[in-house]
Every structure is written in structure tokens, then in C-alpha cells.
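Report on the following structure.
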Amino acid sequence: MFKRMLSAFGVGGPTVDTVLDSPHTRPGQRLTGQVRIQGGSSDAAIDRVTLHLVTRVEVEHGDGEFAENAGFLHVVVAERFAVRAGQRHDIPFEIEVPWEAPITAVGGQELPGMAVGLQTEVEVSGARDPGDLDPVIVHPLPSQERVLDAFGALGATFRSADVEAGRLHGVPQQLGFFQEVEFFPPGQFTGRLNQVELTFVATPHDLFVVLEADKRGGLFRQGGDAFGRFHMSHQEAEATDWTPIIGDWLAQAADQRGGHQGFAGHGGYGDQGHYNQGHDQGYGHHEQQRRGPGMGAVVGGVAAGVVGGMVLGEVVEEIFEDD
């Protein structure tokens, strides 16, 4: 069964289908599969076949915000070849998932609103056929899982996740966007923190963890945001118990007076900040040993209730359908 007929050839033209060996991956891993082009009623000349990894990105414009599809990896897998009538032409591929790819599933549960797709673009005589999107499920790295474990152990609960256009100052960000995973804070911070946002920036060797806490103002307490950053190697992050680190940082964020304060819960303080829509953020560094418990409490019933019973392909199509 081939999904799509190439519109450039009209009725009777070749059809194309992209088949992944597995849709499951992690940042830095490789996706493998085949692009299968089935010849139609006559020979066809193909100029180029390109694979794109795409996600949905929120972009601020003036006082408003809009979402658009954004490609963050583009790989040409074949150029200038002929597909004979009635014959199949298979193109094997192997592509590396960027280290900053958004996470779309945690603890076996898909994150509502998050999707990454593999789009196959076929170019014929200068005309490009963008093709369908095949879902790609991006799981966190083991180092990222340790951080997420801490949020679950502390009693934070998943609120939402999205990808935002922008740059993070002070981290080695390669892509033009970053993912934010939002949590309702643990119960002991009710009334002092509205929400906590977590962003990962990964490289082949290191993990940067950026935190933002939205502070609730009161009669004797000023609201605003508090920011922090932690930086470890992947090996260090995997061996670290993040629960006391995140817990101490949240306590400082809740107690800190004034808005837009930059600090980290442990270690030294940095001068460089995280820039996003005018917020300056300070950073710190910390290392500790031990692992935390499982992740189920973080997404748990939230993701299951929203996504349960839906077909993955349908979820991806809904997220990308506007474009």
C-alpha cells in the first residue's frame, strides 16, 4: 500500500511511501528506513528526494502568537534517477536525530500537543511535492529522564508542553527554537508558584537544564519569574539524584523576593542569562550522585487521558494540519 501519488506526474504516475524501521528514537540516535517509490504507467525521472524532520513551533509576533511547522533537519537521500514503469525503486536512508530534538513521549506516554514528523519531499522538474508526515516518537535521553524523575518524585504534575521560537543565551543552542515542558508545582509551593517550566539543551557530551518558575504575587510578596540553569555531562546527570537539587531550587524560587531573579539552586552563579522575550536569567552548576524514582507520576493519567485511544498518526496530522 503506497500512501501517495506524485502529483507532478498526474494520474498513472509513481507513488511513494516512506517506511521507518522503527519510529522510536532519542536525541542523537539514528533513524533508518526506506523511501519506496513504485513506478506508474510510464517511466519517470526524479530530480531529488529530501527527508525533513519537522515539528510545530510557537512564534511571537507583536502582541500575538501563531504556530507554524518548522523543519529542523534536511537530508537529501537521492538525486537524479529514473523510476521504470511498474517497477519499485527503494532508497535506504540513515539520518541522525539532532540532539535538541523536542521530546514527544515520556514514560511510555505521548506528551499532548507535541509531535515530530518525518516528511518526504520529492522534486520533479523544479516542482516539489512535500508529501505526508510519518510520526517520529522522540523519547528522552537517560540523562534527561533523571531530571524528569525528580519532578515526579517531588509531586509536580504535567501541565503542557510546546516548542517556542527563540534563542537561549549562555547555552550552546544550535536550533532556532527550544522546548518547554510546564508543570504544576508540588503541593508545598501552592500559593507561591504558579507553574514551573523545564527546558533541555543537549549536546553529544553535555546536558543543560534551564528552569523558570512563575511566582505568584501577594500582599507582602512580589510576583515575577525566577530562573536557573544546571550543566553536567550526560554521565554525571545520569548518576545524579536531581530530587534535592530541583527541590532546593524550587524552595529558593518560592522564597526569593522580587521579580525576574536569576539564580541556581546549587553551585556558583553566572553572569550570562537565558534570553526569551526580554527575561534575563542567571545560571549555576552542581554535581551530585544517586538516581531518582520512576517518571510515571509526572505525566501519568494526564497524558493517558488526553491521548489514550487515539492513533498516533491521527495525533500527528491534527497537530500539523493547519499547514
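Just so it is clear, none of the values below were taken in a lab; they were calculated from the coordinates. Predicted model, so just to flag it, every value in this text is computed and none were measured. With ideal geometry, Cβ positions are generated from the backbone for all residues, glycine too; neighbour counts draw on all protein chains shown.
Just a few scattered comments:
- Spread of Cα-to-Cα distances over 5 Å intervals beginning at zero, given as percent, for segment 29-176: 2, 8, 14, 17, 16, 14, 10, 8, 6, 3, 2, 1, 0
- Per-peptide packing, taken as the mean over residues of other Cβ atoms within 10 Å, places 185-195, 83-93 in the sequence 185-195, 83-93 from highest down.
- For 125, 160, 41, the sequence from fewest to most other C-beta atoms within 10 Å is 125, 41, 160.
- Placing a pseudo-label 7 Å from each Cα along the Cα-to-Cβ vector at residue 80 and residue 43 gives an inter-label distance of 1.6 nm.
- Distance between segment 70-147 and segment 160-216 - C-alpha centres, whole angstrom: 25 Å
- Its Cα gyration tensor gives segment 27-68 an equivalent ellipsoid, and the semi-axes of that ellipsoid, as √(5λ) in whole Å with the largest first, are 36, 18, 8.
- Values of log10 I(q)/I(0), in the order q = 0.15, 0.22 Å⁻¹, for segment 121-213 under a Debye, Cα-only, solvent-free model: -0.73, -1.18
- Ordering of 65-77, 27-39 by packing is 27-39, 65-77, highest average first (other Cβ atoms within 10 Å, averaged per residue).
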